[in-house]
1. Residues that are under 22 Å from residue A:124 (Cβ atoms) and of a type in the set (A, V, I, L, M), at least 3 per element: which helices (runs of 4 or more DSSP H) completely within the range A:141-214 meet that?
2. Looking at the range A:549-566, is at least one residue touching a strand residue (DSSP E or B) at 6+ places or on another chain (Cβ under 7 Å), away from chain B (no Cβ under 13 Å) and more than 24 Å from residue A:409 (Cα to Cα)?
3. Could you go through the range A:283-305 and let me know if any residue there is under 25 Å from residue A:416 (Cα atoms) and crowded, with 23+ Cβ neighbours inside 10 Å.
4. With the structure loaded, tell me whether residue A:466 is outside any loop (DSSP other than H, G, I, E, B), of a type in the set (Lys, Arg), free of Cβ contacts under 8 Å to residues at least 60 places away in the same chain and within 14 Å of chain B (Cβ to nearest Cβ) or whether it fails that test.
5. For the range A:580-615, give me each residue that is in contact (Cβ under 8 Å) with a residue 24 or more places away in the chain and not in a helix (DSSP H, G or I).
6. Quick check on residue A:223: is it in a helix (DSSP H, G or I), modelled with pLDDT of 95 or more and either crowded, with 20+ Cβ neighbours inside 10 Å or among the aromatic types (Phe, Trp, Tyr) (or both)?
7. When the residues of the range A:469-498 are filtered to those that are within 14 Å of chain B (Cβ to nearest Cβ), at pLDDT 95 or above and part of a loop (DSSP other than H, G, I, E, B), which remaining residue is nearest to residue A:445 (Cα to Cα)?
8. Give the number of residues within the range B:500-542 that are of a type in the set (Gly, Ala, Ser), within 12 Å of chain A (Cβ to nearest Cβ) and under 18 Å from the mean Cα position of the chain (by Cα).
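The values are calculated or read from the model by the stated rules, or taken from the named source; none is laboratory data. Fair warning: this is a prediction, and the values are worked out from it, not measured in the lab. Because the Cβ atoms are built from the backbone with ideal geometry, glycine has one as well, and the counts that use them run over all protein chains shown.
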There are 2 protein chains.
Amino acid sequence: MSEAKAANPTNTSKRLADLRGLMKKEPKVDAYLIPSEDQHSSEYLANCDERRAFISGFTGSAGTALVLHDSAMLFTDGRYFLQAGQQLDHNWTLMKQGLPQVPTWQEYLSKNLPSKSRIGFDPTLISIGDFETLEKDLKPLESTLIPTSNLVDTVWGSDRPSRPSNSVFPLEEKYTGKSSKDKIAALRQEIEKKKATATVVTQLDEVAWLFNLRGSDIPFNPVFFAYACVTPSKVTLFTNKDRLTPEAVQALEADQVSIEPYDSVVQHLQANPLCSTSEKVLVGKKTSVAIVNAIGKDKIVVDRAPVTDAKSIKTDTEVEGFRQSHIRDGAALARYFSWLEMQLQSGAQVSESDGADKLEHYRKQLDLFMGLSFPTISSTGPNGAIIHYQPDPTDCAIIKKDQVYLCDSGAQFKDGTTDTTRTWHFGEPNTDEIRAFTRVLQGHISIDTLIIPPETSGLLIDSLARKFLWEDGMDYRHGTGHGVGHFLNVHEGPQGIGKRIAYNETPLKAGMTLSNEPGYYADGKFGIRIENIVVVRKAETRYRFGDQDYLGFEHVTMCPMHRKLIDKSLLSPQELKWVNLYHAEVLHKVGPLLQGKNEDDIRALAWLERECKPL
Amino acid sequence: MSEAKAANPTNTSKRLADLRGLMKKEPKVDAYLIPSEDQHSSEYLANCDERRAFISGFTGSAGTALVLHDSAMLFTDGRYFLQAGQQLDHNWTLMKQGLPQVPTWQEYLSKNLPSKSRIGFDPTLISIGDFETLEKDLKPLESTLIPTSNLVDTVWGSDRPSRPSNSVFPLEEKYTGKSSKDKIAALRQEIEKKKATATVVTQLDEVAWLFNLRGSDIPFNPVFFAYACVTPSKVTLFTNKDRLTPEAVQALEADQVSIEPYDSVVQHLQANPLCSTSEKVLVGKKTSVAIVNAIGKDKIVVDRAPVTDAKSIKTDTEVEGFRQSHIRDGAALARYFSWLEMQLQSGAQVSESDGADKLEHYRKQLDLFMGLSFPTISSTGPNGAIIHYQPDPTDCAIIKKDQVYLCDSGAQFKDGTTDTTRTWHFGEPNTDEIRAFTRVLQGHISIDTLIIPPETSGLLIDSLARKFLWEDGMDYRHGTGHGVGHFLNVHEGPQGIGKRIAYNETPLKAGMTLSNEPGYYADGKFGIRIENIVVVRKAETRYRFGDQDYLGFEHVTMCPMHRKLIDKSLLSPQELKWVNLYHAEVLHKVGPLLQGKNEDDIRALAWLERECKPL
């Protein structure tokens, strides 16, 4: 789920030399920090914001580069160790965060750099949360953070792509379940609760959600470059007006939203204070240093981002949209996986990229389809062990009948966002592959069937997905689940299931959407992942200790688990029952969509009926 | 597991009035903080250090009192809500930490107290870790922490008991597996690793462990009041010399340990600097502000306490001692539980306290017995729902045949410390009781059989013990496991299984001992808890992902799980198998100790054979 490519290293010698030349000029820095994110703290980027990829050659979705005068380091996590190892040239040292003894980039700055280091950074790209922590950690060393213009952009020069400004359109209330007016009213209440007067909304998906608008500035993410300010009396949207559809303009005017140019936000904040000097502006921890400075540092209250929290709880309409879009998506998956099986069994040559294209072809036929939600991961054998692999259309492997095939894919629909991983074997899987798949499946079922008390965070339940793998001495180096946006970013916070301590700050709540995706990766051999999207819902329980409602998960993804890869003898009676019930549900919900008389539907339905038979 | 009593409230009006009088004198404070711990950060206290119990009337093992001029608050956690509610008089407000919207005492100081508050505290009783966090949190409010002499001691006056100074004796290497000399050599290496020159050892169990000495100054804890300093060339033990046995003196002299009076530690540190001004002294986060000030604040490095970490990894000799002492303890438990069953079935009247006494009587007969490890929790019916209940010998309930009986007890042996909870029903349990017991048992088995990768903390696995309870809408408001000392404190850090974020800083490691004690408490009805002690050990696994050894748990506690309370239909085949294997092991290991021709052994063996039959 990234724009990663498993390619040869980029030669970065010239770029680094140019950057180091700039680092020697005023204000003269010993180190230069190049974060992954853009000025909105986005995970997925427009090409113009791919600065870390440009300077290092590493294209994964997470990773920070740090350039010193005599060395260059790329810090990333377990999902990307293999890919970064392939993409970085000799100029770079790969720092494998999460392994014992390996510092995070923050730790490196405060523990490994010499004291009194001058660390350059672009203040539009570092969040106030990270900045404050760093500043505190650097203080004992007397090292300082030095704001600069973006030196990488200067190196990039005229080759740097321009910022997209694609059409922005309204998403109707029949899909969102809540008007923008109501969302803004609720936001104003939250601002008041935090004893503030105004807020600046800085993340692109927050802005899109708040105004019920969508765009396409960032590949796979239906967002548009924008900021918003909300005060008790005024709402301002900073985006280029000429890109708004007439319907979008009409909706904004009806809600009395002022529109200002995107590039004017900093000047506008400086010239038009959001509140009096005695009042406060609430901002989320991911707000950039540049925006905070424009508001005035003494005026801000840094707290949880209220729009992020509100957005994470889906409306009933959105939840129903998730259900319906996943059923439709299930039909495309059945058409594709049955096609692929037929091809491989007939001896046809299908490359990983051909497979991804065929799946996109089937998805494009679905109602309300708006695009993919991330680049399809279509990977055969050893490529499946590269967690965020993406086949290069010009140079990728042929899918082998006698290898495990892992496919992680999803789409954007007006009524929901999908993200599904399934793992197949079209020949005869070996015992290691079957064992790993079954252990992953048990972990998946464990989360799917889990009941939790309120106030339970995703940190506390991550081990339930791993327990069965651990029993065999297996594990996976990624989280178990991420939040999922509603026709928005496929990765969305603040909730998640995993070992990140930050997840503990967000208890799971009814209406949240999450992926449930344990996996196992045998380097050089195969990868297994089983991913459904689940919605957190009130659960009925026999007792109610603490006089409170308990919560459970409802899966919305509808695609069979590969029978051939299941070792029934490892499953408990409850787990076996779960598989059979799930398969019956998939057939019941997706089968009616495969009633066409065409070859695709006939083949897909037969395949679905076979794969959904009781074990 | 506390010195708690379920008694009537103490009238605290006079004490509070006296304290408030002192708070009005110089240095004049608005609030006065009375922590639970003594100057060694002990959990269990000598009577002279029971300041929080004296001022508030609440005798539980955890809780902080905060006295303002017009109110008084007692902050404690879920284990003690019921007990504190019973023991506090009208002067006090109970603050139930852990419930939504209830602040911790630290949060109260920084969020609820007015700004510019002056908060009085005794610097010998607040740790440097807590102090620094508090000072930072109070800064924005301009509130300050004001060191004072101990005002509660002044109120207590001549009624305050004197500090114990009981005999101190060596524990032979055949029990510890490692000489004091070797422990000190290893400690010096750790000090060097942290770039420091010296350390001050402040926790009583750390000192006892480091010198292989034991005492009896604190009830149930075989420790003695002492501090120690270690520099590259010198080791000093601060304790009263006249209390050392000749063997202890000889051992200390052989190791060239200097002995100084206990009360001289602060003066001694001030007069004899531990290192030069350019060198550092390593101290743990629990070191008191008074000790830190005596060393010199600019000289200290606050980090993990190296002795606590070393002590947590038991030697092979200690692990074998744990096994053997638990088998012997199992014989006493079988004698007691079979006796109790016989008494109740014959219609005899046995009070909760009588039961505890009888169990102690059987334990006293065991080899190497040195005392109980905490006051026995012997509780019938609703009393079992008071998590740290302790029967008052002068006024406690008669154990009812038709109620659930919960018994949590343990002993100190020269070769190990035991801590076991079992739950019984000597009549006909109802379906709620059976269901709760079975769910608790499933959680217990889940931890017992768990395999984990290295670097896994107890925070991450806590949910595995709760999952089965959660499924029925049940839970428990305490941790799942605490560290256990070796003939030392029954509660020992730094490891533990539970939701406390601090547990995440300590990965579980081979050689650590932990309790495994999920429970369920139905207020006003019954309490269930099943507790074994487990040792973390290397596990054999089918694979070794990450090329590393995985870890598992070995249970050392040997006492049957009550068959009558198990609903077999809820157990998986693996769980059922576990129960039968565990029972076979208990019978195999404890049975040989019950071969006497006396009435006790004949009855106990017959009972053990019956309770250990395959389900």
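1. Filter on the range A:141-214 gives A:151-156, A:204-211.
2. Taking the range A:549-566 as the starting set, the residues that turn out to be touching a strand residue (DSSP E or B) at 6+ places or on another chain (Cβ under 7 Å) are A:549-557, A:559, A:562, A:564-565.
Subset that is away from chain B (no Cβ under 13 Å): A:554-557, A:559, A:562, A:564-565.
Narrowing further to those that are more than 24 Å from residue A:409 (Cα to Cα): none.
Within the range A:549-566 (the criterion being touching a strand residue (DSSP E or B) at 6+ places or on another chain (Cβ under 7 Å), away from chain B (no Cβ under 13 Å) and more than 24 Å from residue A:409 (Cα to Cα)), the answer is no, since none of the residues qualifies.
3. Yes: the range A:283-305 contains one or more residues that are under 25 Å from residue A:416 (Cα atoms) and crowded, with 23+ Cβ neighbours inside 10 Å.
4. yes
5. First pass over the range A:580-615, keeping only residues in contact (Cβ under 8 Å) with a residue 24 or more places away in the chain: A:580, A:582-587, A:589-590, A:593-594, A:600-601, A:603-608, A:611-615.
If the condition is that a residue be in contact (Cβ under 8 Å) with a residue 24 or more places away in the chain and not in a helix (DSSP H, G or I), then A:612, A:613, A:614, A:615 are the ones that fit.
6. So residue A:223 does not fit the description; no.
7. A:480
8. Residues that pass the stated criteria total 2.
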